[in-house]
Amino acid sequence: MERENYVGRLNEYANKKGLPVDYRESPPDGPDQFTQRVVLNGIVYPEGVGKSKREAKKEAAKNALRDLSEGTHQTADDNYNPTPAQQNFIGLVNDYLRTDGQAHIRQFFYRLIIDNKEYPVAEGRTIKEARQNAARLAWPALKEQMDWDSKVSVRSTLESHEASSQSMFTSDFDPIEYLGSGGYGWVYKARRKLEEKYYAVKIVRSDKNAFREVLTLSELLHHNVIRYFNCWIEDTRYQDDISAGSYSDTQSTDDPSVQFLYIQMELCKTKTLKEWIHEKNTQSLQDTKRGQESLTIAQQIVSGVEYIHSKGHIHRDLKPENILFGLDDKEVKIGDFGLVTRDDDALMDRTENRGTRSYMAPEQVGKTYDRKVDIFALGLIYLELLWKVSSGHERGEVLKNARKQILPTNFSRAFQEENLIIKKMLHEKPEDRPEASELKAQLDKLAQTENEPQKRATV
């Protein structure tokens with residue numbers, strides 16, 4: 001049974017466009033034959049037929065939505081003489097193309113306009129192709145001139161000779177599985193129909209922070225960083241039965257002015273580093289292999305951070321929840337770049353208190369800091385990787401003391417080299433913390449000595 005709320009969708013469309021909508025009922029042809037038509041802004045759409053008035057109304061709304069999506073013919077009201085602004089010229093042109101008996105080649109044109117600055121016109125055989133080409137032409141210039149950390153709100157509009165309400169997500173992808181939601185938006189596992197490959201598609205509210213994340217990901221290509229492939233904007237958020245009631249507080253879909261950014265990314269396992277740490281902590285004894293496994297993971301995270309820093313970025317929200325495992329379960333991937341910022345000038349004023357408080361560096365509560373905030377967070381993550389705690393309370397105390405460079409007594413005995421490295425990473429003064437490149441060299445050297453006979457105490 002269809003559960004699609006066509007009447008609700010049509011009302012939402014009409015409210016968003018500021019158009020009057022009405023339903024006209026025709027005399028029933030029989031006891032179980034009801035007919036209704038949608039009248040939107042004075043234009044009458046194809047009739048809907050049903051066994052009840054409610055069913056006929058639903059079918060009428062469905063037919064109207066179909067015609068609005070396709071730009072096809074609708075019947076004019078005999079008593080209505082539309083103005084040029086109200087006339088559906090798209091429908092008239094499509095009718096002409098269908099009835100004049102000649103073959104036609106249609107081309108669509110898009111122009112990107114940002115802050116009244118026009119970018120080159122692009123063409124395509126379809127609306128989607130023209131829109132994509134317009135964005136491709138404008139993107140190099142946008143990358144050079146846009147300052148995503150500024151307080152200037154960038155507004156953009158797309159002009160076209162035709163409009164389409166078809167979702168690119170549902171037309172190009174088969175949604176396979178709802179993976180979850182949170183402050184980062186909604187994430188789906190989806191199969192792209194064209195090449196039959198699987199991706200993660202994240203849906204977030206389209207705003208400055210979301211575009212900053214996309215801009216950063218588009219510049220990064222490293223095996224320890226979540227890979228970015230594509231993005232696009234839609235007026236609505238895709239919902240299934242599971243995600244429809246999730247995470248609706250600050251990202252409500254009720255506001256018709258809200259648009260959503262779809263980000264196509266590399267598909268990883270749903271297991272995060274936080275879950276890996278929790279699994280290790282539930283084991284009865286300190287795992288003798290945990291130290292080696294943790295070192296391998298830490299090397300990969302630091303390698304990713306070194307690359308991010310080399311590209312002039314600060315992640316600002318490194319924590320176990322934002323680190324995922326690749327599908328091969330061997331590589332870890334740094335994700336969630338929603339708080340990323342540039343590292344062009346260490347003295348510039350930044351937004352204070354951005355990040356997760358338990359992993360934030362001391363200076364991050366203020367406005368002046370640089371990439372070394374990521375090193376501080378890495379120090380806490382490396383400690384968590386290595387050291388078994390029995391409860392959430394104990395974990396909180398360990399991290400609280402570690403922020404003061406006070407590590408567990410038994411930890412310094414079991415992991416002497418790591419103890420020295422982590423203390424440097426957690427130094428209160430940013431200038432005394434190692435650079436990511438220096439830290440990577442230290443961990444690589446430590447990994448080489450791991451194969452040599454060592455007496456490491458276990459707790």
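Throughout, read-outs are computed from the coordinates displayed, never taken from laboratory work. Given the structure is predicted, the values throughout are model-derived calculations rather than measurements. Quick reminder, even Gly has a Cβ in these numbers, built from the backbone with ideal geometry, and neighbours come from all protein chains shown.
Count the net charge of all other residues whose Cβ sits under 14 Å from the Cβ of Asp329, scoring Lys and Arg as +1 and Asp and Glu as -1.
Working: positive: Lys269, Lys271, Lys330, Lys333; negative: Glu275, Glu279, Glu293, Asp328, Glu331.
With Lys, Arg at +1 and Asp, Glu at -1, the net is -1.
Going down the table (Lys62/Lys189; Lys280/Lys333; Lys271/Lys372; Lys17/Lys197; Lys333/Lys404; Lys193/Lys440), which pairs top 31 Å between alpha carbons? Walk me through the numbers before you get to the answer.
On the way: Lys62/Lys189 28 Å; Lys280/Lys333 19 Å; Lys271/Lys372 27 Å; Lys17/Lys197 37 Å; Lys333/Lys404 28 Å; Lys193/Lys440 40 Å.
Listed pairs above 31 Å: Lys17/Lys197; Lys193/Lys440.
So which lysines pass the test for Lys445, namely a Cα distance under 21 Å, with those fewer than 8 places away in the same chain ruled out?
Lys289, Lys330, Lys423, Lys424, Lys455
Within the range 393-409, find all residues whose amide N lies under 14 Å from a label point positioned 7 Å from the Cα of Asn419 along Cα-to-beta-carbon.
405-409
Under a Cβ-Cβ cut-off of 10 Å, what is the net charge of the residues other than Lys429 that fall near it, where Lys and Arg count +1 and Asp and Glu count -1?
Values: positive: Lys372, Arg433; negative: Glu363, Glu428, Glu431, Asp432.
My count for the surroundings of Lys429 gives -2.
Please get the size of the charge dipole for the range 180-240, origin at its Cα centre, with Cβ charges of +1 on Lys and Arg and -1 on Asp and Glu, quoted in debye to the nearest 20.
On the way: 11 positive and 8 negative charges, 27 e Å.
Here the size comes out at about 140 debye.
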